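Report on the structure given below.
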Amino acid sequence: MGTQWMGLELEGADLDEKKIEGVVVRRIESEEDVQIPPEVPYSSLDDNSVYIKDMWRDGRVVKFVAETEDGKIVGHTDIFFGTSPGLYNVGMNPDFTKRGIASELVKKACKYARDERGASNVTLNGTGTVMYERIGFYHASNGATWWLHREKYSKNTSEQQHIIWLVCQGEVKELEKYVGKLQFPLANGMTLVELALHFEDVETARWLVRNDAPHSLVDLWDLGGVSRAITGVDLVNKVVDEGKTALHIAVERGDEEFVKFLLKHGADTTVKDGLYKSAPLGWSKVLGRAEIESLILEHEKNNESTQS
């Protein structure tokens with residue numbers, strides 16, 4: 001909650017190394033088989049899966065670690081070289097925080113991106129900002145992060161890739177050949193309906209919904225507001241992403257009309273999301289959605305009065 005995108009312009013950035021007694025920060029070589037200890041955040045198989053390790057080997061992902069003199073890994077980070085370099089999985093053993101080690105990991109990764117890969121900028125997403133701001137990162141926008149989880153890098157079949165391409169192109173007539181094969185997620189976890197909406201292609205998104213492609217109440221709202229969402233109110237409390245309900249998403253967007261619609265049609269205000277373990281009211285407080293906070297509080301108060 002309260003995550004934000006940040007960026008660093010690498011030209012002129014002060015990325016000079018600062019020595020930390022008893023700790024060495026280094027890049028993992030592509031042939032190394034590294035196991036991150038469980039006490040270090042982002043050390044699970046989801047974060048360091050076979051897909052990620054394949055990308056280590058071909059250089060798409062480069063890992064940096066902080067090690068003690070006896071070779072114990074106490075921190076790490078990954079930098080992913082896609083369209084633009086992205087920093088992920090900045091994790092430190094809690095016993096080694098507040099020593100500047102995480103800053104050195106980030107600086108080392110950014111310096112590598114600039115000096116060895118010719119990058120001009122690096123982006124990241126995080127909740128804490130102070131450390132990154134000290135390095136020179138600036139706030140770009142608010143929004144949830146992307147993850148390097150194993151399942152997000154599963155490969156779609158060639159047929160599925162073709163269907164994805166057709167959705168991107170809005171080729172509805174060609175898509176008719178694949179009715180009944182529209183239920184799969186993209187490699188990044190999106191549904192085909194979400195993909196069409198991402199490209200603001202309402203016609204294709206509506207065709208997908210009519211042909212039973214997976215969709216949520218949020219998708220229906222985006223396709224036509226109240227008139228469209230009313231057809232899917234049975235989905236009002238369906239978990240759609242990382243344990244979030246439609247109400248969580250409406251709060252995140254700051255969409256008061258959507259919040260009112262959801263509360264009117266039975267949204268459960270007590271459901272906690274899977275990532276931050278917070279109900280929509282908590283989201284509204286952290287995100288500074290004062291009007292939405294009032295709407296939820298009033299709704300809960302009315303429910304209590306009705307039940308008593």
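Mind listing which trypsin sites (Lys or Arg not before Pro) in the stretch 242-308 are in a DSSP loop and have 10 or fewer other Cβ atoms within 10 Å? Numbers along the way, then the final one.
Numbers: sites: LYS244, ARG253, LYS260, LYS264, LYS272, LYS277, LYS285, ARG289, LYS301; in loops: LYS272, LYS277, ARG289.
Sites meeting the loop and neighbour criteria: LYS277.
Pop the C-beta distance of GLU11 and LYS285 into the FRET formula with R0 = 41 Å and round what comes out to the nearest 0.05.
0.55
Leaving out same-chain residues fewer than 8 places away, which lysines sit with a Cα under 27 Å from that of LYS177?
Those lysines meeting the cut-off are LYS152, LYS155.
Give or take rounding to whole Å, what are the principal axis extents of the alpha carbon atoms in the chain, in descending order?
For the chain, the Cα extents along the three principal axes come out at 62, 54, 35 Å.
Taking the inverse of the average 1/r across all pairs of different Cα atoms in the stretch 156-307, what Kirkwood radius in Å do you get? Could you put the intermediate results ahead of the total?
On the way: mean 1/r = 0.0607 Å⁻¹.
Computed over the stretch 156-307, the radius equals 16.5 Å.
To make sure I understand, if each residue's beta carbon is the centre and we count other beta carbons within 10 Å, what order do LEU186, LEU247, LEU275 fall in, fewest to most?
Working: LEU186 18, LEU247 29, LEU275 15.
Listing LEU186, LEU247, LEU275 from fewest to most nearby Cβ atoms yields LEU275, LEU186, LEU247.
Distances over 20 Å make up what percent of all Cα-Cα pairs in the stretch 4-142? List each step's numbers first, then the result.
Numbers: 4059 of 9591 pairs.
Here the tail beyond 20 Å accounts for 42 percent of pairs.
Every number here is computed from the coordinates shown, using simple stated rules; none is lab data. Treat the numbers as computed from the prediction; the structure is a model and nothing was measured. Cβ sites come from the backbone with ideal geometry, for glycine too, and all protein chains shown count toward neighbours.
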